[in-house]
Amino acid sequence: MVLGAHEGIAGGVSRAFERAEEDTADALQIFVRNPRGWTAPPLEDGEVERFRAEAARTGKPTAAHSLYLANHASSDRPLRTKSWNALADELSRCSALGIPFLIFHPGSNPDEAEGLKLVAEGVERALDKVPGKARLLVEITAGQGSSLGWRFEHIAAIRAGVPGAQRRRTGVCFDTCHAFAAGYDLTTRTGFEQAFQDFDRLVGLEHLQAFHLNDCKKPLGCRVDRHEHIGDGAMGLEPFRLLVNDSRFAEIPGFLETEMRFKENLQVLRSLVRS
């Protein structure tokens, strides 16, 4: 696995690379705009050039994470429209910066069938608006409230709802904390293998493009999204030991989202890699 972290963009998106180097991260995930607001100024041409130059200099794989406010499954049309428009805007920014993946949360809707259909429609519209190679990765969620995406069946349904030509530009981000909170027990080899067998059967391992590497503050099946530092939570070290030594995931980037202490957490992960 290519081990990385979610780095800050204060001072410009290109500054994330120097932060990744300070943290000893081999890959980085960023926001491509303010994640807590609906509006954002366009990327400056100079900053796009600096980002691409830094990406070439460091050779570090990159991904982006979508804003937190979006609800692509919402039955509220104005909110859904803003969410879909933001997704397309962020995907356009990824395309300009040369970032191959934009990771997003599906959103919530108490009507599961309606919500999954709406997410697929939002994905299709964003991909239609932004041609090219940049992909949308739906993130596995913890399942709080009426959130969608906490079952592999949800992920499969979203991708199935996107027309074939566009579906090739979709994939999945597997968040370890979220999967554990959703009820997938990754803490034993048996549970770990069963989870990925189920994922492969329902979604397909070939569509897994990124990991979020987070321990969980809460117990298995809690359906509460609370990240913890690696090895300090309810998951312990074993799931991460299994992940970083799994040859199926050797070329896939895994990003820490553990609220700083990235260098320390990366050291823990690297200590688990068998020589």
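Numerical summary
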read-out	value
Residue list for segment 87-119, filter: small (Gly, Ala, Ser) and either assigned to a strand (DSSP E or B) or surrounded by fewer than 24 Cβ atoms within 10 Å (Cβ to Cβ) (or both)	ALA88, SER92, SER95, ALA96, GLY98, GLY107, SER108, ALA113
Yes/no for ARG201 being out of contact with any Gly (no Cβ under 7 Å at 6 or more places or on another chain), in a helix (DSSP H, G or I), without any contact (Cβ under 8 Å) to a residue 40 or more places away in the chain and buried (at least 18 other Cβ atoms within 10 Å of the Cβ)	no
Residues satisfying the stated conditions in segment 204-234, i.e. free of Cβ contacts under 8 Å to residues at least 12 places away in the same chain and either in contact with a strand residue (DSSP E or B) (Cβ under 6 Å, 6 or more places away or on another chain) or not charged (D, E, K, R) (or both)	GLY204
Odd one out for PRO42 among (1) over 22 Å from ASP128 (Cβ atoms); (2) surrounded by fewer than 20 Cβ atoms within 10 Å (Cβ to Cβ); (3) not basic (Lys, Arg)	(1)
Matching residues, segment 204-242, being in a helix (DSSP H, G or I), under 17 Å from THR188 (Cα atoms) and among the hydrophobic types (A, V, I, L, M, F, W, C)	PHE240, LEU242
Members of segment 257-273 found to be farther than 12 Å from GLY231 by Cα, surrounded by 13 or more Cβ atoms within 10 Å (Cβ to Cβ) and touching a helix residue (DSSP H, G or I) at 6+ places or on another chain (Cβ under 9 Å), listed by number	GLU257, PHE262, LYS263
Subset of segment 72-86 (residues that are in contact (Cβ under 8 Å) with a residue 24 or more places away in the chain, surrounded by fewer than 23 Cβ atoms within 10 Å (Cβ to Cβ) and part of a loop (DSSP other than H, G, I, E, B))	SER74, SER75
Filtered residues of segment 13-61 (kept if over 20 Å from THR258 (Cβ atoms), in contact (Cβ under 8 Å) with a residue 60 or more places away in the chain and either part of a loop (DSSP other than H, G, I, E, B) or not aliphatic (A, V, I, L, M) (or both))	VAL32, ARG33
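Coordinate-derived values only; no laboratory data. A quick note: this is a predicted structure, and the numbers were derived from the prediction, not measured. When we count neighbours, we look across all protein chains shown, and the Cβ atoms used for this are built from the backbone with ideal geometry, even at glycine.
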